[in-house]
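What follows draws every value from the coordinates through simple rules; no lab data is involved. No experiment lies behind these values; they were computed from the predicted model shown. Cβ placement follows ideal geometry from the backbone for every residue including glycine, while neighbour counts extend to all protein chains displayed.
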Amino acid sequence: MSGEAMKYKFVKGPTSDVKFEAYGHSASELFENAALALSSVMCSIRNVKPKDSIEVSVEGRDMQDLLFNWLGEVIALVDIHSMFFSAFKVKINGNKLKATCYGEEAKPKNSLTVVKSVTYHDFRLEGDDKRGWKAAVVLDI
């Protein structure tokens, strides 16, 4: 990946789902960008200030499973803590990650779409730290 890389883009899909691709030079950057894409479906991230934080740990069988579990965790954090997030810092070690999610109390004026879950439909992760990373994610809304 060269120059200023795209963080994520939305891809046309079924109307009951939202599909996006996320990108990163490293796996950590990809996981951060995928969480940003997810958050931008749920809320107006430009209006969410990163004033509070929550730290989480997530595990997976492999990197693809780790990404799936990570995005599911972000959805759960929104519901459990009634917060929206606008920034993420992810550190990956093998099939485990530690992340800090930054945001603030969920306000109705910032709410966009309720995301029920991440789906396995068309879900994929590919790449490495030399060539860069790309993920395709479908959200059930």
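Restricting the stretch 20-62 to residues that are assigned to a strand (DSSP E or B) and among the acidic types (Asp, Glu) leaves a set whose member that is farthest from the chain's Cα centre (by Cα) is 52.
Quick one: is residue 125 in contact (Cβ under 8 Å) with a residue 12 or more places away in the chain, of a type in the set (A, V, I, L, M) and touching a helix residue (DSSP H, G or I) at 6+ places or on another chain (Cβ under 6 Å)? Lay out the reasoning, then the answer.
On the way: in contact (Cβ under 8 Å) with a residue 12 or more places away in the chain: yes; of a type in the set (A, V, I, L, M): yes; touching a helix residue (DSSP H, G or I) at 6+ places or on another chain (Cβ under 6 Å): yes.
Criteria met by residue 125.
Give me the residue from the stretch 66-120 that is assigned to a helix (DSSP H, G or I) and touching a residue at least 60 places away in the same chain (Cβ under 8 Å) and, out of that set, nearest to residue 28 (Cα to Cα). Among them, the one singled out is 67.
In the stretch 63-113, the residue that is surrounded by the fewest Cβ atoms within 10 Å (Cβ to Cβ) out of those that are among the β-branched types (Val, Ile, Thr) and over 20 Å from residue 140 (Cα atoms) is 100. The residue that is surrounded by the fewest Cβ atoms within 10 Å (Cβ to Cβ), counting only those in the stretch 16-60 that are free of Cβ contacts under 8 Å to residues at least 60 places away in the same chain, within 23 Å of residue 108 (Cα to Cα) and β-branched (Val, Ile, Thr), is 54.
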